[in-house]
1. If I histogram all Cα-Cα distances within the chain using bins 10 Å wide from 0, what percent of pairs lands in each bin?
2. Under the definition of Cα pairs under 8 Å and six or more residues apart, what whole-number percent is the relative contact order of the range 2-159?
3. Remind me, relative contact order of the chain in percent, using alpha carbon pairs under 8 angstrom and six or more residues apart?
4. Full-extension gain between Lys26 and Asn170, please, as 0.36 nm times their residue separation minus the C-alpha to C-alpha distance.
5. Aspartates and glutamates within cross-link reach of Lys213: Cα-Cα under 20 Å, excluding same-chain residues under 8 positions apart?
6. Put +1 on the Cβ of each Lys and Arg and -1 on the Cβ of each Asp and Glu in the range 189-270; which of Ala214, Val196, Val250 then has its Cα farthest toward the positive end of the dipole?
7. Which parts of the range 76-114 would a label at Asp53 reach, counting a residue when its backbone N lies under 15 Å from a point 7 Å out along Cα-to-Cβ?
8. For the range 1-22 and the range 214-277, what is the separation of their C-alpha centers, rounded to whole Å?
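No lab work stands behind these numbers, since they all come straight from the coordinates. Computed from a prediction, not measured in an experiment: that's the story for all the values here. Methodologically, a virtual Cβ is constructed for each residue, glycine included, from the backbone with ideal geometry; neighbour enumeration extends over all protein chains shown.
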Amino acid sequence: MTILITGGTGFIGSHLVRALLAKGKKVRVLARKTSSIKKLEKLNVEILYGSLDDVNSLVEATKGIKTVYHLAAMLGSPEITYKQLYNVNVKGTKNLIEACTKNKVRRFVLISSVAAMGPAKHMADEKTKCNPKTDYDKTKYFSELAVKKSKLDWTIVRPTMVYGPGEIRNKAKLFRLVQKGFFVILGNGKNFMSLVYIDNLIKGIILAKESKKAIRHTYIISDRNPYTMNEFITTIARQENVKTPIHLPVWIAYIGAFFFRIFRIFGVPQLLSKDRIKNMTMNHSFNISKAINELKYEPKISLGEGVKETVQWYKEKRILK
């Protein structure tokens, strides 16, 4: 049976496409006409153009499909409104559910995010109460609720912060800043963060679909243990063969944020803000015991190996020198 993947042209989606093709699966990708299909051009994959706000295209995309991996979503940014996020992440998910129901799709795997949980406590798990704060977080949470209310055999996967070859947004920027010596660690760097290397995540996603125990369950997928900010940044610096970034006291960072806010009126980008400082110094760590016990999930790629592969890919693509 053909498998449908929404968001298959993106970072995570394109890796999932390759992994399923390697397992001998037939894959159909729903792509917007404006999306780049460069990552899929040389793959034996069916591409159907449509969008989450086009119900007819979703009905067409889900014909003859028994399994859907739903990854398509809009990421939050200062320029994007809550209405835009809601229309894609929540209303779009509801449209896809409607199409799946009409065409009798059996399995529905939503690739959500731990963002749906909001600023969770240290080593939060699937039983932790969701308390989303930002517009993006709220739409991820509401999209999960839409899936849970459906009659589909659903499974929700919540990745932690994903990195690896193919990521060209936030993590690529971080790796470049470290290499150029422009990155600073705010505070003592002992705050914990949960990361997941892309190959580990893809294995977790596939296990979540294949396990009967996973039906109508939610799973956090991450590397086995959280890392401190110091561990993560030091590992990147070591692989890039540069000095470990310096530490900047939090109180100085807050003063910098104050002046950046003032200078915004002159067109200076706000590189620091109170929210960004808080986000970079608080714990973002999660417990993956449920995935390990129920899915037999085993994240094999270590931080050192993952960062090494990522740096090598960035250099091949000239993202790093």
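1. Histogramming the chain at 10 Å steps yields 6, 25, 34, 25, 9, 2 percent.
2. On the way: 279 pairs, mean separation 34.1, N = 158.
Computed over the range 2-159, the figure is 22 percent.
3. Details: 585 pairs, mean separation 52.9, N = 321.
Relative contact order comes out at 16 percent.
4. Working: separation 144, 0.36 × 144 = 51.84 nm, distance 3.13 nm.
Between Lys26 and Asn170, full extension yields 48.7 nm more.
5. Cα-Cα hits under 20 Å: Asp125, Glu126, Glu144, Asp153, Glu294, Glu298.
6. Farthest along the dipole direction, towards plus: Ala214.
7. 80-96
8. Comparing the Cα centres of the range 1-22 and the range 214-277, I get a distance of 30 Å.
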